[in-house]
Amino acid sequence: AQTVTQSQPEMSVQEAETVTLSCTYDTSESDYYLFWYKQPPSRQMILVIRQEAYKQQNATENRFSVNFQKAAKSFSLKISDSQLGDAAMYFCAYRSRTGTASKLTFGTGTRLQVTL
Amino acid sequence: DSGVTQTPKHLITATGQRVTLRCSPRSGDLSVYWYQQSLDQGLQFLIQYYNGEERAKGNILERFSAQQFPDLHSELNLSSLELGDSALYFCASSVSPRPTDTQYFGPGTRLTVL
């Protein structure tokens, strides 16, 4: 079974600064997807960014980018030019590319605070 | 707004009771997933349906059941409720069960068992 670990329960960043959230995962599969979801106080789960394991290039979405290290099974999220609206829980998630089940397996989350 | 709707938003009930949570997927989406978010267990996959058929089961208790109807909406039934069932229940939908298809989450139903 796959597991996802987020070792930082809480992080804090000043507005306009850059912060990196860590995620590691364990799997015996070679083909899979990795995701970062954001959960603001409204509780809505919002997809931030997605990475296909077969792609060596790191995914980027505006101010959000990832550092995907497949051999190390590491998948960190970098938020540049942090904004107050970035304050939320961030969840790292894994999804197998094979088999019939396409469930998401989530980490425990990192709470990000953004200060002035 | 993801296009996935869930009702009710909040539900308060007592131990031993039974409740039904409803989910309407995005227009065109055939696959529905249910997840539970609790303080103890974090975010966990419960069950998946595709076009009316059960596709995969996760950590779903025997007291819980679900189904997807011909109009593609889904219901999650929780019975003999316990205090530990208090959680946020999310429904997500995707076009198909293929891993390439993004899952879009609804706003969730917050269940409180007293």
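I'd like to verify a number: residues in the range A:69-114 that are polar (S, T, N, Q) and either buried (at least 22 other Cβ atoms within 10 Å of the Cβ) or closer than 12 Å to A:Tyr37 by Cα (or both), how many?
Selection size over the range A:69-114: 4.
Checking the condition over 22 Å from A:Phe91 (Cβ atoms) and of a type in the set (Gly, Ala, Ser), which residue from B:Ala56, B:Ala66, B:Ala92, B:Ala87 passes?
Result of the check over B:Ala56, B:Ala66, B:Ala92, B:Ala87: B:Ala66.
This table checks each residue for (1) in a strand (DSSP E or B); (2) touching a helix residue (DSSP H, G or I) at 6+ places or on another chain (Cβ under 9 Å); (3) aromatic (Phe, Trp, Tyr).
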| residue | (1), (2), (3) |
| --- | --- |
| A:Met11 | yes, no, no |
| A:Glu29 | no, no, no |
| A:Phe35 | yes, no, yes |
| A:Pro41 | no, no, no |
| A:Phe68 | yes, no, yes |
| A:Ser82 | no, no, no |
| A:Gly85 | no, no, no |
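Within the range B:1-29, can you find the residues that are outside any loop (DSSP other than H, G, I, E, B) and either modelled with pLDDT under 95 or of a type outside the set (A, V, I, L, M) (or both)?
B:Thr5, B:Gln6, B:Thr7, B:His10, B:Thr13, B:Thr20, B:Arg22, B:Cys23, B:Ser24 - these are the residues of the range B:1-29 that are outside any loop (DSSP other than H, G, I, E, B) and either modelled with pLDDT under 95 or of a type outside the set (A, V, I, L, M) (or both).
Among (1) within 14 Å of another protein chain (Cβ to nearest Cβ); (2) free of Cβ contacts under 8 Å to residues at least 40 places away in the same chain; (3) crowded, with 18+ Cβ neighbours inside 10 Å; (4) not basic (Lys, Arg), where does B:Gln68 come up short?
Of the numbered conditions (1) within 14 Å of another protein chain (Cβ to nearest Cβ); (2) free of Cβ contacts under 8 Å to residues at least 40 places away in the same chain; (3) crowded, with 18+ Cβ neighbours inside 10 Å; (4) not basic (Lys, Arg), the odd one out for B:Gln68 is (1).
If only one of A:Arg43, A:Arg50 is within 13 Å of chain B (Cβ to nearest Cβ), surrounded by 15 or more Cβ atoms within 10 Å (Cβ to Cβ) and more than 13 Å from the chain's Cα centre (by Cα), which one is it?
That would be A:Arg43, the only listed residue that is within 13 Å of chain B (Cβ to nearest Cβ), surrounded by 15 or more Cβ atoms within 10 Å (Cβ to Cβ) and more than 13 Å from the chain's Cα centre (by Cα).
Suppose the filter is modelled with pLDDT of 95 or more and among the aromatic types (Phe, Trp, Tyr); does A:Tyr54 pass it?
no
If the requirement is being at the interface with chain B (Cβ under 8 Å from one of its Cβ atoms) and hydroxyl-bearing (Ser, Thr, Tyr), which of these qualifies: A:Ser102, A:Ser76?
Being at the interface with chain B (Cβ under 8 Å from one of its Cβ atoms) and hydroxyl-bearing (Ser, Thr, Tyr) holds for just one of A:Ser102, A:Ser76, which is A:Ser102.
Out of B:Ser24, B:Ser94, which single residue is buried (at least 18 other Cβ atoms within 10 Å of the Cβ), away from chain A (no Cβ under 12 Å) and closer than 22 Å to A:Gln39 by Cα?
B:Ser24
Considering every residue within the range B:30-37, establish whether at least one is assigned to a loop (DSSP other than H, G, I, E, B) and either out of contact with any Lys or Arg (no Cβ under 6 Å at 6 or more places or on another chain) or more than 10 Å from chain A (Cβ to nearest Cβ) (or both).
yes
The values are calculated or read from the model by the stated rules, or taken from the named source; none is laboratory data. Bear in mind the structure is a predicted one, so any value in this text is a computation, not a measurement. Here the Cβ is made from the backbone with ideal geometry for all residues, glycine too, and neighbour counts use every protein chain on show.
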